[in-house]
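The values are calculated or read from the model by the stated rules, or taken from the named source; none is laboratory data. Since the model is a prediction, treat every value here as computed from it, not as a measurement. Virtual Cβ from ideal backbone geometry, glycine too; neighbours counted across all protein chains shown. Ligands, DNA and RNA are stripped out before the accessible areas are found, and what is left, the full protein with its side chains, is counted by its heavy atoms. Shrake-Rupley method; radii C 1.70, N 1.55, O 1.52, S 1.80 Å.
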Amino acid sequence: MLSPEELERYARHIVLREVGGPGQAALKRARVLVVGAGGLGAPALLYLAAAGLGTLGVIDDDEVTLSNLQRQVIHGTPEIGKAKVASAAATIRRLNPHVAVETHATRLVAANALDVIGRYDIVADGSDNFSTRYLVSDACYFSKKPLVTAAMGTFDGTLTSIRAHERAADGTPNPTYRCLFPEPPPAGTVPTCAEAGVLGAMAGVLGSLIALEVIREIVGFGEGLIGRLLMLDARSMRFETLRYGWDPANPLSGEHPRIEDLSAHK
């Protein structure tokens, strides 16, 4: 049940036909894990908290630095040197005291991924490196959890949703992240954010889109991004959508899978 205060707080959601009271109640029941409290995770966490998610988990092993503040809007100057999960949790509690926050001040690795991810209904991946991105995707497949995942370049970004543990209406398996990108690129071939730079507002756009897609997945309105890759080019201010499907040769859920657990992840 929503309290009188929550009814007022979420009034603009509740009057939406596509959300209403049942949709807002679904958001209140939901448990969402956000991987990373950085450029993508920061705006995603803010909008998910404002939307009234019941429980937000955040996992990150990093501390806030001055260079983070150009884009990681959940943190402020007084939080420099503090753990990002603690800083994020404090901001969320100030924004919406109705949201329960669970912090995991550790790195997501093969040894803890299934345990941590298994505690939540849906995962939003805002990590900034390929090893974590593939680990999260594989762990969500084995845990049978929906995943919303985004990646960001200097002036471009992508977003998709994955329910690889489910099948389409025609019985075909839903695609995995590895249907799009079977293997991560060789180490050192793609420059890091620190090396190439990143436009701060790009993180805000993509992080907000992560939150929007998580909310849509929970409430169930409209057409989601299962089997669709949303691409943003900030130089031309253009959005495009690429359709992709299950690849029988993909190494995770293909006809002859080579990945049967998380042991290959370091």
* Cα shape, segment 83-201, gyration tensor, a/c 1.5 rule -> oblate
* Structure fact -> For D115, the accessible surface traced by a 1.4 Å probe with all protein chains present amounts, in square angstrom to the nearest 10, to 90 Å²
* Whenever you get a sec, compute what percent of the accessible area on segment 54-161 sits on carbon and sulfur atoms (1.4 Å probe). => 52 percent
* State in Å² the accessible area per residue of segment 1-104; use a 1.4 Å probe, count heavy atoms of protein chains only, and round to the nearest integer. => 46 Å²
* Arrange the residues D125, D60, D261 by how much accessible surface each exposes, largest first, with a 1.4 angstrom probe. => D261, D60, D125
* Inter-site label distance for F221 and R94 at 7 Å from Cα along Cβ, in nm -> 3.0 nm
* **FRET efficiency, 1/(1 + (r/R0)^6) with R0 35 Å, evaluated for R29 and A196 via beta carbons** => 0.30
* **Per-residue SASA entry for V198, accessible area with 1.4 Å probe, Å² rounded to 10** => 30 Å²
* Asked: Stokes-Einstein at 20 °C, 1.002 mPa s, Kirkwood radius from Cα pairs: D for segment 81-142 in µm² s⁻¹?
  -> 164 µm²/s
* Where is the GNM fluctuation largest for the chain (alpha-carbon springs, 10 angstrom cutoff): P186, P175, P43? -> P186
* Asked: Residue separation times 0.36 nm, minus the C-alpha to C-alpha distance between A264 and D115: what's the value?
  -> 51.9 nm
* To do: Taking percent of Cα pairs over 34 Å apart as the quantity of interest, determine which of (1) 31; (2) 26; (3) 15 was computed from the displayed structure.
  => (3)
